[in-house]
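A.B. asks: Here you go, one structure.
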Amino acid sequence: MKQKIQINLMAVFLSILFAMTNCYYNPIVNGILNPVEETNQNSFLGLLGLGFGSSDLLITSQIRDGNGVAMVGLGLTPNTASFLSKSSSPYTTDAGGRFYVPYQFGRSSYQVFQNGSLYFTLILNVSSSTSISAETSGAPTGLEISNLITYSASSPPNFFELVRVFTIQGDDPPVEVNLHNQNAFNVNYLYLVFSEEPESIPVEEGAVESWVASNITVTPLINLEAINSELTSGNIRQLGYAFPFGSDTLYSVTFGSGIKSASGKNLTPRTIVFCMEPNVNCGF
């Protein structure tokens, strides 16, 4: 049975002190607000057996679970003997759920481990640097291998990802949004969890509204009313907002590439698809 969540069309404006107090004394939110440590870039290339002066290509992709959430800390152990000579350790997905492995023409397989247990097998089929496909064996339903591309090892990775999304209303427990589809939405505060710290938004009047209008697109078109925005901790951005969604309508919300990290990286666009308070089948 799908839970029906009532929309509060008049979003409550909470002080930052109140919001943060609620967050840090809620054990679930406290977990959300612990940012993932970034991996040192030299260590990253060293793990691959590559240096900054190398012209070798890497293959990179993002692994997402059945809810569209980036999977951090998965270990990929190559089954191909030629790969084993490059590193004695498995490759590991970073804070954005991305793995980076050496480019190799043909068909290569990796055993993917989660918390030390075999999770699934990943197979990469490489015809050229611009023609790469992936398949899996034993993977759970809905798992995604996304944004599969080649990347030059002579430059550091330059990806900025939306990793997870939570909504919080008042003192209620946080609700994680399924990034593939969601059948209801809590309206009050939206927590966007990025792979690294996002850029600051100017505090001048109208700046938040302008930022939302430039970077967040809703289809069918509605008028987003942004109330406030704060960096609550590290890689978490809190948005206070009011979304005048209609019931029984399938919406998509796209977070665009104009959203940047504090270091200037552009966001890999992400889209959330959901149906507000459905009384009918919205197509999921």
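A.B. asks: Tell me which residues, restricted to the range 151-177, are buried (at least 16 other Cβ atoms within 10 Å of the Cβ) and either more than 26 Å from Ile259 (Cα to Cα) or among the β-branched types (Val, Ile, Thr) (or both).
C.D. replies: As a first pass, look at the range 151-177 and keep what is buried (at least 16 other Cβ atoms within 10 Å of the Cβ): 151, 153, 157, 159-169, 174-177.
Result: Val163, Val165, Thr167, Ile168, Val175, Val177.
A.B. asks: Now, a different point. Check off (1) surrounded by 13 or more Cβ atoms within 10 Å (Cβ to Cβ); (2) assigned to a loop (DSSP other than H, G, I, E, B); (3) at pLDDT below 85 for Ala139 and give me the number that stays unchecked.
C.D. replies: (3)
A.B. asks: Scanning for something assigned to a loop (DSSP other than H, G, I, E, B), under 23 Å from the mean Cα position of the chain (by Cα), closer than 20 Å to Leu57 by Cα and modelled with pLDDT under 90, does the range 83-93 turn up at least one residue? So that I can check it myself, show each step before the final result.
C.D. replies: Keep residues of the range 83-93 that are assigned to a loop (DSSP other than H, G, I, E, B), which gives 85-90, 93.
Adding the requirement that they be under 23 Å from the mean Cα position of the chain (by Cα) leaves 90, 93.
With the extra rule that they be closer than 20 Å to Leu57 by Cα, the set shrinks to 90, 93.
With the extra rule that they be modelled with pLDDT under 90, the set shrinks to 90.
Within the range 83-93, one or more residues are assigned to a loop (DSSP other than H, G, I, E, B), under 23 Å from the mean Cα position of the chain (by Cα), closer than 20 Å to Leu57 by Cα and modelled with pLDDT under 90.
A.B. asks: Answer yes or no as to whether Thr80 is at pLDDT 90 or above, of a type in the set (Val, Ile, Thr) and surrounded by fewer than 20 Cβ atoms within 10 Å (Cβ to Cβ).
C.D. replies: Values: at pLDDT 90 or above: no; of a type in the set (Val, Ile, Thr): yes; surrounded by fewer than 20 Cβ atoms within 10 Å (Cβ to Cβ): yes.
So Thr80 does not fit the description; no.
A.B. asks: Could you grab me the full set of residues in the range 59-69 that are modelled with pLDDT of 90 or more and not polar (S, T, N, Q)?
C.D. replies: Within the range 59-69, the first condition is being modelled with pLDDT of 90 or more, and the residues that meet it are 59-65.
Scanning the range 59-69 gives Ile59, Ile63, Arg64, Asp65.
A.B. asks: Can you find a residue in the range 220-234 that is farther than 18 Å from Val253 by Cα, assigned to a loop (DSSP other than H, G, I, E, B) and at pLDDT 70 or above? Quick ask: steps written out before the conclusion?
C.D. replies: Going residue by residue through the range 220-234, those that are farther than 18 Å from Val253 by Cα are 228, 230-234.
Adding the requirement that they be assigned to a loop (DSSP other than H, G, I, E, B) leaves 234.
When the remaining residues are screened for being at pLDDT 70 or above, the result is none.
Within the range 220-234, none of the residues are farther than 18 Å from Val253 by Cα, assigned to a loop (DSSP other than H, G, I, E, B) and at pLDDT 70 or above.
The values are calculated or read from the model by the stated rules, or taken from the named source; none is laboratory data. Because the structure is predicted, anything quoted here is derived from the model rather than measured. When we count neighbours, we look across all protein chains shown, and the Cβ atoms used for this are built from the backbone with ideal geometry, even at glycine.
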